[in-house]
Amino acid sequence: MTEQDPKDALRALEVEALDAIDRAQDPEALEAVRIDYLGRKDGRISAILRGLGSMSPERRPAVGQEANRVKEVVADALQNRERSLAGPASSGIEDLTLPGRGPWKGGLHPVTQAVDEIWHIFRDLGFTRARGPEADTEWYNFEALNTPLDHPAADEQDTLYLVDSVLLRSHTSPVQMRTMETHEPPIRIIAPGWVYRRDTYDATHTPAFMQVEGLVIDEGVTFVDFKATLAEFARRYWGPDTQTRFRPSFFPFTEPSAEVDVKRVITRPDGSKEETDWLEIMGAGMVDPAVLENAGYDAERYTGFAFGMGPARIAMLKHGVDDLRTFFENDVRFLDQFV
Ligand code: DAH
C-alpha cells in the first residue's frame, strides 16, 4: 500500500470539515467540530501540522503551506458559522437581514405604453377605438383618401404590395374611410395599428411601425375644434405647460393640412425649468371634402378633422431614446427601464 500524499489528505479533510461545519445546528455541535479538526491535542489538522517535523526537508514546505491554508479556511468557516448560529438568523438560513431576491417583473413595451396613454387621453375626450385590416386595397390606402395612384407615396418604391392592387397599408388613414363607410356621423375615433413601408432599417426608420390615427366628423366641426382638441391632447400627454404650434403642410386627404409641433417644459433635477425645441409630433388637418364625398357623406353638411402620429417617435421624445431600433431588439436591459 502506498502512503497517501499528505496534501491530498489535507484537501479531503478540508472538504469534510466544511461539510461538518455546515451541518452543525447549534454552538455545541460546532465546538465539537472545532475540536475534531483543530483541537490542539487530537485535532486531525493539528496532527498533520505536528507531523511536519518528521517529514523530509523537500516535502516539508509544500505540505506545511497547504496545512496552514486548510487550517485558516476551516477556522474562518467556523467563525462564520458561529456568527450565523448566534445571530437572528439561527433558523438555518444564512442571514435573514440580507435583502431578498425580488421577483422578476415584466412590463408593457414602451411603444405599447405610449399607444395606451394616447388612446386613454382621447378616450377621456369622448373618442372610441376603431381598427382596420393591415392588408388593404389601393382604394382604401390611397384613392379614397384623395391620393391618386401616380402620387409618389403610391409608388412600389415606398409601398409593399402583396398582389395587384392589394398592399400592406402604408398608414392608418384607410381606417378613416372604413369607419365612415360603416358609421354615420358624429364620428370620433382613435385607430392605433401597424403600418408598413419599404424603408431601410436605421435609427429613424423601420419597415413596420405603429401609427395612431384620429378622426372627428360632425356638423359644425371647425378649425378651432381641431386646434383645441390637439392642444388639449398635447397638454395631457406632455404636461400642462406644453405649447402647440400648427405649421402649414400638405396631405392629400386634408385641407388645410398642418404639422403639429410641441414645445415642452422640462423640470431639471435642481428644480429649474427648461423649454425644449419645437418637436414635430403629428400630421393633421381638416378632412378634405373630396374624402367626405368618397365616403358618401354630404360635404355641405359635415366637416371634420384628422390626425396621424407615430407612438414610437413620441415614446422616443418622451424618454430621450435616440435609436428607433432599440424598440425592436427587445433587449431586456433596455426594456427594463420602462417597467
Ligand atoms: N397618414 C399620414 C402619414 O402616414 C399622417 C397623417 C397626416 C394622418 C394627416 C392624418 C392626417 O390623419 O390628417 O404620414
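Put simply, when 266-272, 189-195, 255-261 are sorted by average Cβ atoms within 10 angstrom per residue, most first, you get 189-195, 255-261, 266-272. Label point of THR326 set 7 angstrom out along Cα-Cβ; within region 203-244, amide nitrogens under 15 Å from it belong to 203-205.
The value obtained for the chain, namely the Cα convex hull volume divided by the number of residues, is 281 Å³ per residue. Taking amide H atoms as placed 1.01 Å from N in the peptide plane, the amide H of ARG198 lies under 5 Å from those of THR159, LEU160, each 5 or more residues away in sequence or on another chain. Values of log10 I(q)/I(0) for region 6-91 across q = 0.13, 0.21, 0.23, 0.26 Å⁻¹ run -0.43, -0.91, -1.04, -1.24, by the Debye formula with one identical scatterer at each alpha carbon and no solvent. For the chain, the relative contact order works out to 14 percent when only alpha carbon pairs closer than 8 Å and six or more residues apart are counted. Peptide packing: for 198-210, 297-309, 69-81, the average count of neighbouring Cβ atoms within 10 Å per residue gives the ranking 297-309, 69-81, 198-210, highest mean first. Report note on the peptides 230-236, 5-11: ranked by the mean count of other C-beta atoms within 10 Å, highest first, their order is 230-236, 5-11. With the simple model of a label 7 Å out from the Cα in the direction of the Cβ, ARG131 to ALA208 spans 1.5 nm. Measuring r between the beta carbons of THR200 and ASP270 and using R0 = 41 Å, the FRET efficiency lands at 0.50. Shown in residue order for region 191-207 are the 3J(HN,Hα) couplings computed by the Karplus curve 6.51 cos²θ - 1.76 cosθ + 1.60 at θ = phi - 60°: 10, x, x, 7, 9, 9, 9, 7, 10, 7, 5, 8, 5, 10, 9, 9, x Hz (x for Gly and Pro).
With the simple spin-label model, which puts each label point 7 Å out from Cα in the Cβ direction, the ASP8 to LEU96 separation comes to 4.5 nm. Karplus-based coupling profile of region 25-34, in residue order and whole Hz: 9, 8, x, 5, 4, 5, 5, 4, 5, 4, with θ = phi - 60° in 6.51 cos²θ - 1.76 cosθ + 1.60 and x standing for Gly or Pro.
Here, each number is a calculation from the coordinates, and none is a lab measurement. This structure is a prediction, so every number in the text was calculated from the model and none was measured. Note that each Cβ is placed from the backbone with ideal geometry, even for glycine, and that neighbours are counted across all protein chains shown.
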